[in-house]
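For reference, the structure discussed in these notes is given below.
The values are calculated or read from the model by the stated rules, or taken from the named source; none is laboratory data. Since we're looking at a predicted model, the values are computed, not measured. Heads up, the Cβs are rebuilt from the backbone with ideal geometry, glycines too, and the neighbour counts pull from every protein chain shown. The area values use the complete protein model at the heavy-atom level, side chains included, leaving out ligands, DNA and RNA. Shrake-Rupley method; radii C 1.70, N 1.55, O 1.52, S 1.80 Å.
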Amino acid sequence: MTSTPHLADLARLSSSSPIYDAVIEEVRGRHIRIGDRWLVDFASCNYLGFDLDPEIMASIGEQVRRWGTHPSWSRLLGNPRLYPRIEERLAALLGAPDTLVLPTVTLIHMAVVPLLADGGTVFLDSRAHKTIYDAARYAQGLGATLRPFRSGDLQQLDELLGSAPATGPRLVCIDGVNSMTGNLPDLEGHLRICRQHGALLYVDDAHGFGVIGERREDESSPYGSRGNAVVAHLGQSYDDLILVGGFSKAYSSMLAFLALPTALKEQLKLTAPPYLYSGPSPTASLATVLAGFDVNEARGDALRAHLHRLTARVLDHVHARGLTTPNTTGTPIVELPLAPGRDLGEIADALWRHGIYVTFAAHPLVPLAEVGIRLQLTAAHTDADVDQLVAALDGLAEEEFLRRVG
């Protein structure tokens, strides 16, 4: 079976490059082995390094002995005590009125966006994550109207909301920390416009939760403190806002959440398919989330300071080499577009030679003008790992694989 034209880049990479769609045989810190080749992993989203933390790993056994490997009731039928413990601690960390945890961010979007839209209008940021786009299209199929707007264009959003029908819900969907650019939204501006028009703001901060948090005088880095996500980081309230986030990035656990009013939580417990029908997250994930809260409280800000320092090293080097990146906020997501005329297959081969493993931003996952590579820094990386990365970037720049400023 041949691939369709719009998937040609992905199909070519998958068939020709050992670094794409790879089977990973072994992990040692942030080094991975593919076949007999060791590479430094800059594709991991385990931002705080919790996947490798001995204290967190040690937390699994006790809970598995108590609850088994998988409490396989749907949440509607039964909730191990682990669930309310997580939701209570999470609400306190976020400063949110309440929280509801479900297995994944994707399941949350597909279930909750159509329920909140309820035949009204969904206003979708053009750079919102593909999973929100898919959920909005699903809502459209159930009778909602879909109105995309240019990313960050508050004037256009204001105009679209002003011209929307007066009846039915109005739901505005945006990213927190954008998964490709690493940049943050003007959350205050979005909230102001939503409140003026009686709309609800729905924010996906899967990549921000755990990394950025509230600003304080004693913060360890510009990421802020406590890792309690974009709402706290930007000093906003949860009035007229639903926050969605995941533990699968910074906390390295298969679990996701909504921060929301208690009345809406109770409604979703009766209407959201992942609560009613889905199998829950495995016990190991619930255990590591709870242990992650403890580690975050004790050592999280030190980990974020280390992560910020490593990320700043990479971004400083990118700027010194005159390379283009959309990242303007210093978060640990560094996208590097390809130079005109270069091909992802070429850069994949070069990175393989340099011993560097990255995320490939191929078309149609991103627009053609943004095809390139994405680097993710984590607190489990070392300065030696970054030394190897910047040496590889020097080689890519000299071979003119990467787009330059101007």
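Overview of results
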{"read-out": "For ALA199: the one exception among (1) under 16 Å from THR331 (Cα atoms); (2) aliphatic (A, V, I, L, M); (3) in contact with a Lys or Arg (Cβ under 7 Å, 6 or more places away or on another chain)", "value": "(1)"}
{"read-out": "Qualifying residue in the stretch 186-201 (condition: open to solvent by 50 Å² or more (accessible area, probe 1.4 Å) and in contact with an Asp or Glu (Cβ under 7 Å, 6 or more places away or on another chain))", "value": "yes"}
{"read-out": "The stretch 356-406 - residue that is in a helix (DSSP H, G or I) and β-branched (Val, Ile, Thr) and, of those, most open to solvent (accessible area, probe 1.4 Å)", "value": "VAL390"}
{"read-out": "Hey, VAL172 crowded, with 24+ Cβ neighbours inside 10 Å and either free of Cβ contacts under 8 Å to residues at least 24 places away in the same chain or over 23 Å from THR329 (Cβ atoms) (or both) or not", "value": "no"}
{"read-out": "Which listed residue is surrounded by 12 or more Cβ atoms within 10 Å (Cβ to Cβ) and either out of contact with any strand residue (DSSP E or B) (no Cβ under 9 Å at 6 or more places or on another chain) or at pLDDT 75 or above (or both), from SER44, SER17", "value": "SER44"}
{"read-out": "Filter pass, SER278 being of a type in the set (Gly, Ala, Ser), open to solvent by 10 Å² or more (accessible area, probe 1.4 Å) and not in a loop (DSSP other than H, G, I, E, B)", "value": "no"}
{"read-out": "Residues (without any contact (Cβ under 8 Å) to a residue 12 or more places away in the chain and within 18 Å of GLY395 (Cβ to Cβ)) located in the stretch 345-374", "value": "ARG353"}
{"read-out": "The stretch 62-87: number of residues that are out of contact with any helix residue (DSSP H, G or I) (no Cβ under 6 Å at 6 or more places or on another chain) and not in a loop (DSSP other than H, G, I, E, B)", "value": "7"}
{"read-out": "Sole residue being in contact (Cβ under 8 Å) with a residue 60 or more places away in the chain, closer than 19 Å to ARG170 by Cβ and open to solvent by 10 Å² or more (accessible area, probe 1.4 Å), chosen from PRO273, PRO261", "value": "PRO261"}
{"read-out": "Helices (runs of 4 or more DSSP H) fully within the stretch 88-167 counting 2 or more residues that are out of contact with any helix residue (DSSP H, G or I) (no Cβ under 8 Å at 6 or more places or on another chain), open to solvent by 50 Å² or more (accessible area, probe 1.4 Å) and touching a residue at least 12 places away in the same chain (Cβ under 8 Å)", "value": "130-141"}
{"read-out": "In the stretch 281-318, the residues that are without any contact (Cβ under 8 Å) to a residue 40 or more places away in the chain and either farther than 23 Å from LEU94 by Cβ or touching a helix residue (DSSP H, G or I) at 6+ places or on another chain (Cβ under 7 Å) (or both)", "value": "ALA312, LEU315, ASP316"}
{"read-out": "Long-range neighbours under 8 Å by Cβ, at least six apart or interchain, first residue more than 23 Å from ASP53 (Cα to Cα) within the stretch 378-397, second polar (S, T, N, Q) and surrounded by 14 or more Cβ atoms within 10 Å (Cβ to Cβ)", "value": "none"}
{"read-out": "Subset of the stretch 281-322 (residues that are of a type in the set (Gly, Ala, Ser) and not in a helix (DSSP H, G or I))", "value": "SER281, GLY322"}
{"read-out": "Some residue of the stretch 25-37 being in contact with a Gly (Cβ under 7 Å, 6 or more places away or on another chain), closer than 18 Å to THR382 by Cα, modelled with pLDDT of 95 or more and open to solvent by less than 30 Å² (accessible area, probe 1.4 Å)", "value": "no"}
{"read-out": "Hey, VAL177 open to solvent by less than 30 Å² (accessible area, probe 1.4 Å) and in contact (Cβ under 8 Å) with a residue 60 or more places away in the chain or not", "value": "yes"}
{"read-out": "Residue under evaluation SER179, criteria (1) hydroxyl-bearing (Ser, Thr, Tyr); (2) over 27 Å from PRO367 (Cβ atoms); (3) touching a His at 6+ places or on another chain (Cβ under 6 Å); (4) modelled with pLDDT under 95, criterion not met", "value": "(2)"}
{"read-out": "Considering residues of the stretch 74-87 that are of a type in the set (Lys, Arg) and either under 15 Å from LYS265 (Cα atoms) or in contact (Cβ under 8 Å) with a residue 24 or more places away in the chain (or both) only, the residue least open to solvent (accessible area, probe 1.4 Å)", "value": "ARG75"}
{"read-out": "Of all residues making up the stretch 47-73, the number that are under 22 Å from VAL211 (Cβ atoms) and surrounded by fewer than 13 Cβ atoms within 10 Å (Cβ to Cβ)", "value": "1"}
{"read-out": "Condition broken by ALA22, with the remaining ones in (1) at pLDDT 95 or above; (2) open to solvent by less than 50 Å² (accessible area, probe 1.4 Å) satisfied", "value": "(1)"}
{"read-out": "Failed item in (1) open to solvent by 40 Å² or more (accessible area, probe 1.4 Å); (2) more than 30 Å from LEU402 (Cα to Cα); (3) hydrophobic (A, V, I, L, M, F, W, C), with ALA320 passing the rest", "value": "(2)"}
